[in-house]
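This report concerns only the one structure given below.
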Amino acid sequence: MTDLVQLELIRESLIAVVNEMRANIIHSSYAPIIYEGHDFSCALMSADGRQVAQGLADHPIHIFAVPYSTQQVVAKFKDDINEGDLFLHNDPYTGGTHLNDVLMLQPIFFDGELGMFAAMRCHWNDVGGMTPGSLSGRVNEIIQEGIRIEPTKICDRGVVNEPFMNLLFNNMRARSERLGDYNAMVGTGRKAEEHLQRLFKRFGGGLLGGIEELIARSERQLRAKISERPDGDYFAEGYIESDGTNPDPLVVKLKLTVKGDEIIADFAGTSAQTNGPTNCGPAMALNAVGTIVKSFLDAKTPINQGSFNPITVISEPGTFINARNDAPCGGMAECKFLIDSVVASAMGKVAPEMTVGDLKGGANHIIISGSDPRGSNYIHYEWPAGGTGASDGTDGSNAVRSYNEGDFNSIQSVEMVEAQFPLRIERCEIRESACGDGEFRGGFGLRRDVKILGRTGALSVLSEKNVIPPYGVEGGSNGAANSFTVIRDGEITQPSPVPGKVSGFPLKTGDVVREETAGGGGYGDPLKRDPELVRTDVAEGYLSVGEAAHRYGVMIDGDKVDTAATEAKRAALSKSKISVAVELSNEEMTDGPRRQFLVPKSLATSLNVGDGDLIEIFTGRGSPLRAWARLGDGGENIVISATSLDILGVAPGDHVGVRAARPHPETFA
């Protein structure tokens, strides 16, 4: 047997172990979010906490953070890690995600020496806190989100710490469900150990030696891919629209440097941590950069610690992407997906062929709780998918998970929801008109109506991109923003003054929770889209005839495209596009965290925007730059700062496109 063949056998055997771990979790867990939604991940770690193997279906938001958590456990317990031990962890400040994502680590010993860890991270449906489900858009400190578990040994040489476990489960809702998920993780770790012992018996010391070589090969592979790209600094930024409490957005600023065979991501200038839920711990920035760099440059090879080694992340402690106690972190997915979007924007300049439209912006946590006819309390957790972004030659997909989310399903089945909870799914369909327009359009989001059948209930929502929509690229337009409302007595009710951030809104019999998820950003000029593809979208009911005309310039007569009328319409729409020269400001124009552009009033009238409205500048290359309009009295040019020039890659006097960034695209009959 050659060394290369043995390496491949070791790699695929380890991945097979992870895949069986996943199957065990699915088949034995109690909570629908795990067995139906697949909100969990499994992995194998080295004895010093480096990532060894994961499956293709595992969630990047979990797996890239597991090495950080494992290294914290190793650092804390050092020589006090023994056969039969189990460790539990969910603390965001020491490598966790949010409190609901509980990590269990089981050490695996070979011939009496610590060799590996089996890692299982599962979303527990409730970990205590002020609202059922533990996730709320209006919390102010992490205590309100549930029980925080720093690296903790829960089983010492096979003896479970029962008092600690009772303390844990007695402070969580639906104790029996939590115990069921906990036991599923324990059993999965034991089966993983059985398989790894067989592999060690087969390969002996070659198993651990092979792991080291596999990690080294992955590092060499990614370094080679980075070396193919031009050295330079690439800039991008993006916003969390609200922390649920304060009116100002939060900004992520990125300078991404390609230097030889390494990438350095510097987030200097990012907003400070906040007292709302939109914070995350130190693992998430590396998590996001690693996810996007790997996806853009080396998507087809397996992932292990070597995939991270060429990447350096600089994020200042105390910012909302590297938060410290006691900042709540329930919205860590929203933060991580924002960092994903910002890194994707910068990487689109490094690898232009991989440029892709933006996504829905987070997990879209929807929690409906109440009492059932038997008097028992229930917690129903929804996680509706959105449209994905378009890329060169490919439309976005409709209401499915994206490349940075793993094997989540789009939404729970109607039958499962209605069988378990006093709820009825009134409709579940593609959200019409929601795509970001482009030569290749973004995917359409999802619309779902959930009717309350019980006497009382409560709604909590934690989401992003309800006001600031997903961006388009290469001149493509933004997708529709998320929207989560309640229909009461036929009238639309806003469950919170802050869109997408809801905490325990009271529900009553007959109320309908309406979920409308974002569309993906478009790619390229919508007026270059194949008219037959537009006609197909109209035939499918995704777009109206009027939208085909006004958004794509495609004139449809009956069930056919009117070619002559389409050419005339597109010529007219092309002439109506607004292009202006950029002028350099003498100062950095900001209003708190908000970037500003100085817009002449005449231009603002043409754009139909007012003072403080969100607009975007685009060059037709990569992603746009967004800012809030500050109206000026005279001039014809749009005035921007030096950092804006750097991000866009333009010089004073260059012409750029400018338009409003609207949460909801115009609709036409």
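The values are calculated or read from the model by the stated rules, or taken from the named source; none is laboratory data. Everything numeric here is computed off the predicted structure, so don't read it as measured data. Cβ: placed from backbone, ideal geometry, glycine included. Neighbour counts: every protein chain shown. Ligands, DNA and RNA are stripped out before the accessible areas are found, and what is left, the full protein with its side chains, is counted by its heavy atoms. Shrake-Rupley method; radii C 1.70, N 1.55, O 1.52, S 1.80 Å.
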Could you give me the ³J(HN,Hα) list for the range 188-200, computed from phi with Karplus coefficients 6.51, -1.76, 1.60 and θ = phi - 60°, whole Hz, x at Gly and Pro? 5, x, 5, 5, 4, 4, 4, 5, 5, 5, 5, 5, 5
Per 10 Å bin, what is the whole-percent P(r) computed from every C-alpha pair distance within the range 456-594? 10, 26, 24, 23, 14, 2
The Cα radius of gyration of the range 45-110, divided by 2.2 N^0.38 Å with N its residue count, comes to 1.08
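Could you work out the helix-only [θ] at 222 nm for the chain, with each DSSP H run of four or more residues adding -39,500 (n - 2.57) and the total divided by the number of residues, to the nearest 500 deg cm²/dmol?
Numbers: 15 runs with 190 residues, N = 669.
That comes out to -9000 deg cm²/dmol.
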Note, the range 129-139: 3J(HN,Hα) by Karplus (6.51, -1.76, 1.60, θ = phi - 60°), whole Hz, Gly/Pro = x, goes x, 7, 10, x, x, 6, 10, 8, x, 10, 6
Mean Cα-pair separation over length for the chain, i.e. relative contact order, pairs under 8 Å, 6 or more apart, %: 11
Relative to the chain, whose Cα atoms define the longest principal axis, helix 332-350 and its Cα axis are tilted in degrees, nearest 10, by 60
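How charged is the neighbourhood of residue 184? Take every other residue with its Cβ under 12 Å from the Cβ of residue 184, and add Lys/Arg as +1 and Asp/Glu as -1.
On the way: positive: 22, 178, 190, 191; negative: 177, 181.
Around residue 184, the charge tally is +2.
Go through 153/294; 78/191; 78/300 and tell me which ones have a Cα-Cα distance over 28 Å in this structure. Intermediate values should be presented prior to the final figure.
Working: 153/294 33 Å; 78/191 25 Å; 78/300 35 Å.
Cα-Cα > 28 Å for 153/294; 78/300; rest within.
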Report, ordered by chain and residue number, the lysines lying within cross-link reach of residue 601, taken as a straight Cα distance under 25 Å and ignoring same-chain residues fewer than 8 apart. 575, 577
For the Cα atoms of the chain, what angle does the longest principal axis make with the long axis of helix 206-227, in degrees from 0 to 90, nearest 10? 20
Could you give the nm distance between label points at residue 419 and residue 586, where each point is 7 Å from its Cα heading toward the beta carbon? 7.1
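Taking 0.36 nm per residue of separation and subtracting the Cα-Cα distance, what length does fully extending residue 487 through residue 608 add?
Values: separation 121, 0.36 × 121 = 43.56 nm, distance 3.03 nm.
So the chain would gain 40.5 nm between residue 487 and residue 608.
In terms of the ratio Rg/(2.2 N^0.38 Å) built on C-alpha atoms, what value belongs to the range 443-513? Mind showing how you got there, number by number?
Working: Rg = 14.4 Å, N = 71, 2.2 N^0.38 = 11.1 Å.
Cα-based Rg divided by the globular estimate yields 1.30.
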How large is ³J(HN,Hα) for each residue in the range 467-478, as worked out from phi by the Karplus curve 6.51 cos²θ - 1.76 cosθ + 1.60 (θ = phi - 60°), to whole Hz, x for Gly and Pro? 10, 9, x, x, 7, x, 10, 6, x, x, 9, 6
Of all accessible surface on the chain at a 1.4 Å probe, what whole percent is carbon and sulfur? 49
Kindly state, to the nearest 0.05, the FRET efficiency for residue 231 paired with residue 539, given R0 = 51 Å and r defined as their beta-carbon distance. 0.60
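In nm, what is the difference between 0.36 nm times the number of residues separating residue 654 and residue 262 and their Cα-Cα distance? Please report the intermediate quantities before stating the final value.
On the way: separation 392, 0.36 × 392 = 141.12 nm, distance 3.22 nm.
Separation in residues times 0.36 nm, less the Cα-Cα distance, equals 137.9 nm.
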Under 5 Å from the placed amide H of residue 116, counting only residues 5+ away or on other chains, we find 108
Between residue 23 and residue 376, how many nm apart are label points set 7 Å from Cα along the C-beta direction? 3.0
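How large is the Kirkwood hydrodynamic radius of the range 3-221, in angstrom, based on all distinct alpha carbon pairs?
On the way: mean 1/r = 0.0567 Å⁻¹.
The Cα-based Kirkwood calculation yields 17.6 Å.
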Spelling it out for residue 623: with amide H atoms placed in the peptide plane at 1.01 Å from N, the residues 5 or more places away or on another chain with amide H under 5 Å from its amide H are 474
Can you tell me the 0 to 90 degree angle between the C-alpha axis of helix 283-297 and the longest principal axis of the chain, rounded to 10? 70
Residue 319's amide H: which non-local residues (gap 5+, or another chain) put their own amide H closer than 5 Å, with H modeled 1.01 Å from N in plane and none for Pro or chain starts? 273
Using alpha-carbon coordinates alone, the radius of gyration and Dmax of the chain in Å work out to 25.3, 79
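Taking K and R as +1 and D and E as -1, what net charge do the other residues with C-beta under 14 Å from the C-beta of residue 203 add up to?
Working: positive: 11, 198, 201, 202; negative: 3, 8, 12, 111, 212, 213.
Within the 14 Å Cβ shell, the charges total -2.
Note down the magnitude of the dipole of the chain about its Cα centre, charges +1 on Lys and Arg C-beta and -1 on Asp and Glu C-beta and zero elsewhere, to the nearest 20 debye.
Values: 64 positive and 89 negative charges, 112 e Å.
Rounded to the nearest 20 debye, it is 540 debye.
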Per the rule of 0.36 nm per residue minus the C-alpha distance, extending residue 171 to residue 407 adds in nm 82.0 nm
Pairing rule first: another cysteine's C-beta must sit under 4.7 Å. Under that rule, which cysteines of the chain stay single? 42, 122, 155, 329, 428, 435
So the pair-distance distribution of the range 579-660, from every Cα-Cα distance in 10 Å bins, comes to percents of 20, 60, 20, 0
